[in-house]
Structures are given as structure tokens and as C-alpha cells.
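Engineer: So that we are looking at the same thing, I have put the structure below in C-alpha cells.
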Amino acid sequence: MSRTDAVAGSGPAGEPGPPGTAGTPQDDRAHRHRWLILGVLGLAQLMVVLDVTIVNIALPSAQSDLGFTNGDRQWVVTAYSLAFGSLLLLGGRIADLVGRKVTFLVGLVGFAAASAVAGASVSFDMLILARAFQGAFGALLAPSALSLLTTTFTDPGERAKAFSVYGAVSGAGGAIGLLLGGVLTEYLDWRWTLYVNVVLAVVAFAFASALLTRTARDRSVTLDVPGTALVTAGLFCVVYGFSNAEHQDWGAPATWGLLIAGGVLLTAFAWWSTRSRHPLLPTRIVTDRNRGASYLGMLISAGGMFGVFLFLTYFLQTGLDYTPIDSGVAFLPMVGGLVIAATLATNFLVPRIGPRWVVPPGMAVSAVGLVWMTRLDLSSSYAAHILPMTVMVGFGLGLVVATAMSLGTLGVSVHDAGVASATVNAMQQVGGSIGIALLNTVSASAAASYISGRNPRDPAVKAQAALESYHTAFWWSAGFFAAGALVTLFLYRRGAPKELKGGAPTIHM
């Protein structure tokens, strides 16, 4: 099937039209404005990703304003990640069932409304509940956006360009959140780190309403209720278990109990998926070697990526006395390296040499950059030390994230696009939760080990203990990427995917 045939036989933004029909005027309009659609989808993805980090910088101000304790502070982040991570696969399948325009618009409205309530919170409970609703609507919005992108761009060349942009947004969203959070908190108020989503959502909704058209429900797809219950509960336990490990310890019954329960539930879900007539996550999606490698690559890289954002931010602000805005600006070269690498990977490298010689080297480059970061100390300068390190890590991330997002949805049927997109997002969310929990634990242990036997009140001892904790986190993050390089080198097929060669369609209509 040629690109023209694929587009003509599909609805706007790539959703399936009536069988055997050519494109309608609405289809043609959507095809003409597909690059505007890319901008809308990228804006929605930016909202979801930056919300993971944008609130972090505002937490001290929010805590002072609402009067909650240090122990409660974790829930501002955890409430969002729990709802988002556990509901992603359900959100993806709902998008397949109901139609992606509907779920995309509902996700935008819900996310904006929850953000407005969170920004207007007058109590801690109100803020936590609103953050949970943010995560729930984000779980509907993120897979809808990625599946729309997957079904909009069916031409291999255009798909590569689109995914380079989208992958760059996804990878850089955390760093952008740090910068934007610092600006809004310093010059306006912590509440604007949440209100900003309303502004972004209004713009995205206006364009999405005009450019996307609704398609009929695909009645051949039904919701797998037992599978939904198993995977939702399993992901909840896994994300909650790792989040709990950050604030208690790995030996706490709540931690290992939740992790074991999550593992059992996800194993049961995998078994059920091989028995169900209409599985929530069909095995054909994850058993493809390139897609499976992409999901694992996203899982592993997310663990290391969020560690970089978190601990390098700590180092800049507490070690070098950077302001929140200064530390956000310091990440911009990393974003630049990520964007360049994402464009290079999806437009040139993967279509020519395949992912096997793109993703593993990207993991290796990030690992080397993180090992280099272990040499940072209180005398390090930005230009000579921090700048080249962050550019290197960003470049490696760009090779990994954009490729994994593209190949994680490549070649799936239209009625599976939503759940395949949700799987990519779920891997990123779960990987981030695992990484942050592990890195927080090992870094705290490293600091405590250094202080043991020394005067904890000595400023020099405290400063060196902090450096030990950061260096340990960087070493472990490097380990994530080194392991990812080996895993993806083994799993990815040799050569370029056939869907990216010539004029072969990337979506099975």
C-alpha cells in the first residue's frame, strides 16, 4: 500500500474510515494540516511529561502555603504518578474503543480542570486529590496523543520527522519542567506551575477541535475487564512499592509486599493475555523483537534519565548555589543535544542502519556522560565541566528515546495503536518510578556511610557527604544505561525495519 492509499483509506489524523472508501474532505483537510496536528500532539505530550518535574521546584513554596509536613510532601508527586502509571493501558484501550479524538479532547479538558483545582487548592487533601485526577486524565491523554501521531503519519519519511519532534519533546519535557517551574515559582507563584496547564490545554483544544474529526466506534474491539483489573492493580502496586521505598526502606513490609503483589498481578495479566479472546494488551504487540526491545529501552532509559534530572538539579542548587532558574537554564544544552540526536536517529540512522546500531550506542554515550559526572565537585565550572557532560548525556538520550517511541508503535494495526502507545508511556512511567526510588535509596546510603564516624555538623563533612550521594546516583544511572545497551543490542533485529524502507506503510489498515 502506498502512502496515498494509506492516507486516503483512513480518517483524519489517521483514524480508520469506512472500508473501501476514499478520503473525505475532512480527511483531506486533516492531511493538509498534519504538521499542525503534530504541534498540537506535541503540546499535549509536553503537558504530561513536564508535570512530572515542574511541581518539584514549587514544593517548598506549596508546603509553606498549605502547611503540610515533609513526610506528606512526597504525595504531591506520588499521587500523580500512581494514577498515571496504573491507568495508562486502560486509557490506551479506551482510545481504541471510543475514538482517539474523543479521548484526546476529554483528556485535555480533564487534565486542565484538575490542574486548575490543584492550583486553587486551599488544603493538602484538595491538592492531592486534584493531582490524582491529573494523573488519571493524563493516562487518557498521553496514549491518545501518541496513537494519533502513529496513525497520522504513515509515510516513512514523514513519520521519521514527526517522531523526531515528538521524541525530543518527550525526552526534554523533564528538563523543560525544571526551567519553567523555576521561572513561574520565582516570578509569579507556585500555583502557576499548575495553572500553566490550563493555558496549554486551551490552545491544544482549540486546534484539536478544528483539525480532528470524530470517527465511528470500532465495535470489533471490546474491553478486557479481567485483564484491565489485573494490569491496573499490578502497575499500581509496582509504582506505589517503588515510591514507598524512597521514603521508608526496601525491608519495609509495605515496600516488598507491594512489589511482590505487583509482580504476581502482572504475571497473571501476562498469562490471561494469552487466553483472552480480546486481550487488553495482545501478545503480538510485545513479542515483536523491535517493539519489545523499544519497550525495554524506554523502561531502562527512563530510570537513568529521571535520575540525571533529579540529582544534577540537587548538585547545582545545593552544591553550586544555583537558583531554580539558573539550574533550569543549565539543562538547555542537554535539551539541544537531545533534539539534534532525535532528529538524526529517526530521519537518517534508523531507516538506513536499523535500531541495533542506534539505541545501544545511545545508551553507551549516556553511560559515559554519567560516569564523567562522577568527577564533579564543588570547584567544577559550568563551561568546562557541566556543559559537555550534559550535552553528551542529552545526545545519547535523543538516540534512545525518539527511536524507542517510534519503533514501539511501528507496524501495529490501527485498532491496537492506542494500547501500543500506552505501553510506551507505561514503560517510561514505571522506569522513572523504579529509577528514582533506587537512586534515592543508594544515594542516601552513600551519604550516611560517609558521615559515619565523622562530625555530622562539620560543613565540609556535610558537603562531601552530599557529593558522595550524587556521585553514587550518577554511577547507578550509568549502570542503567550500560545494562540497557547490552539488552537492546541483543534484542533489536539487524538492519532497518522493512516498514521504514521504500513506501511501505507503517500502520496496518
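Engineer: On full extension of the chain, what length is gained from residue 122 through residue 387, given 0.36 nm per residue of separation minus the C-alpha to C-alpha distance?
Structural biologist: Working: separation 265, 0.36 × 265 = 95.40 nm, distance 4.04 nm.
That works out to 91.4 nm of additional length.
Engineer: Still on this structure, please answer the following. Two decimals is fine: what is log10 I(q)/I(0) at q = 0.07, 0.09, 0.13 Å⁻¹ for the chain, from a Debye sum with one equal scatterer on every Cα and no solvent?
Structural biologist: Reported log10 I(q)/I(0), two decimals: -0.35, -0.59, -1.27.
Engineer: Dividing the alpha-carbon radius of gyration of segment 441-497 by 2.2 N^0.38 Å (N being the number of residues), what value is obtained? Intermediate values should be presented prior to the final figure.
Structural biologist: Values: Rg = 18.0 Å, N = 57, 2.2 N^0.38 = 10.2 Å.
Computed over Cα atoms of segment 441-497, the ratio equals 1.76.
Engineer: Follow-up question, since we're still on this one. In whole Å and largest first, what semi-axes does the C-alpha gyration tensor of segment 49-115 yield when each eigenvalue is scaled by 5 and square-rooted? Mind showing how you got there, number by number?
Structural biologist: Values: eigenvalues 176, 32, 15 Å².
Rounded to whole Å, the semi-axes are 30, 13, 9.
Engineer: Restricting attention to the alpha-carbon atoms of segment 362-509, what are Rg (one decimal) and Dmax (integer), both in Å?
Structural biologist: Rg then Dmax for segment 362-509, in Å: 20.1, 68.
Engineer: Now for a separate question. Residue separation times 0.36 nm, minus the C-alpha to C-alpha distance between residue 223 and residue 248: what's the value?
Structural biologist: Values: separation 25, 0.36 × 25 = 9.00 nm, distance 3.70 nm.
Extra length available between residue 223 and residue 248 comes to 5.3 nm.
Engineer: What percentages make up the Cα-Cα pair-distance distribution of segment 63-159 when the bins are 10 Å wide from 0?
Structural biologist: Per 10 Å bin, starting at zero, the Cα-Cα P(r) for segment 63-159 comes out as 17, 39, 25, 13, 5, 1 percent.
Engineer: Would you kindly work out the equivalent ellipsoid of segment 130-172 from its C-alpha gyration tensor and give its semi-axes, the square roots of five times the eigenvalues, largest first in whole Å?
Structural biologist: Working through the eigenvalues yields semi-axes of 25, 12, 4 Å.
Engineer: Roughly how big is the chain's charge dipole about its Cα centre, with Cβ charges of +1 (Lys, Arg) and -1 (Asp, Glu), in debye to the nearest 20?
Structural biologist: Working: 30 positive and 25 negative charges, 289 e Å.
Approximately 1380 debye in magnitude.
Engineer: Can I ask one more? FRET efficiency for residue 378 and residue 277, Cβ-Cβ distance as r, R0 = 60 Å, nearest 0.05?
Structural biologist: 0.45
Engineer: If you build the Cα gyration tensor of segment 347-399 and take the root of 5 times each eigenvalue, what three semi-axes come out, in whole angstrom, biggest first?
Structural biologist: Numbers: eigenvalues 155, 21, 5 Å².
Ellipsoid semi-axes (Å, largest first): 28, 10, 5.
Engineer: Any number yet on Rg/Rh for segment 388-442, C-alpha, Kirkwood?
Structural biologist: Working: Rg = 14.3 Å, Rh = 13.0 Å.
With Rh from the inverse mean 1/r over Cα pairs, Rg/Rh is 1.10.
Engineer: Now, a different point. Per the helix-only calculation at 222 nm, which mean residue ellipticity applies to the chain, given -39500 (n - 2.57) for every DSSP H run of n ≥ 4 and division by its residues, nearest 500 deg cm²/dmol?
Structural biologist: Computed mean residue ellipticity for the chain: -25500 deg cm²/dmol.
Engineer: May I pose another question? Kindly report the accessible area of the chain per residue (heavy atoms of protein chains, probe 1.4 Å, no ligands, DNA or RNA), in Å². Let's see the in-between values first.
Structural biologist: Numbers: 19000 Å² over 509 residues.
Result: 37 Å² per residue.
Engineer: Rg/Rh for segment 301-377: what does it come to with C-alpha atoms and Rh from Kirkwood?
Structural biologist: When Rh is taken as the Kirkwood radius, the ratio is 1.05.
Engineer: Percent of Cα-Cα pairs per 10 Å bin, from 0 to the last occupied bin, for segment 147-195, please list those.
Structural biologist: 24, 32, 23, 19, 3
Engineer: In debye, nearest 20: dipole of segment 73-216 around its Cα centre with unit charges on the Cβ of K, R (+) and D, E (-)? Could you put the intermediate results ahead of the total?
Structural biologist: Numbers: 9 positive and 6 negative charges, 48 e Å.
For segment 73-216, the charge dipole is close to 240 debye.
Engineer: Now, a different point. What percentages make up the Cα-Cα pair-distance distribution of segment 127-266 when the bins are 5 Å wide from 0?
Structural biologist: 2, 7, 9, 14, 16, 16, 16, 11, 6, 2, 0
Engineer: Could you check how much of the accessible area of the chain is carbon and sulfur, as a whole percent, using a 1.4 Å probe?
Structural biologist: Values: 12700 of 19000 Å².
On the chain, the fraction of accessible area on carbon and sulfur atoms equals 67 percent.
Engineer: While we're looking at this one, here's another question. Quick one: work out Rg over Rh on the C-alpha atoms of segment 330-421, Rh as Kirkwood radius. Don't jump to the answer; show the numbers that get you there.
Structural biologist: Details: Rg = 15.7 Å, Rh = 14.2 Å.
Here the Rg-to-Rh quotient is 1.11.
Engineer: To the nearest 0.05, what FRET efficiency results for residue 415 and residue 458 with a Förster distance of 41 Å applied to their C-beta separation? Intermediate values should be presented prior to the final figure.
Structural biologist: On the way: r = 63 Å, r/R0 = 1.55.
Calculated value: 0.05.
The values are calculated or read from the model by the stated rules, or taken from the named source; none is laboratory data. The structure displayed is predicted, hence computed values, not measured ones. Virtual Cβ from ideal backbone geometry, glycine too; neighbours counted across all protein chains shown. All accessible areas refer to the heavy atoms of the entire protein, side chains included, with ligands and DNA or RNA removed. Shrake-Rupley method; radii C 1.70, N 1.55, O 1.52, S 1.80 Å.
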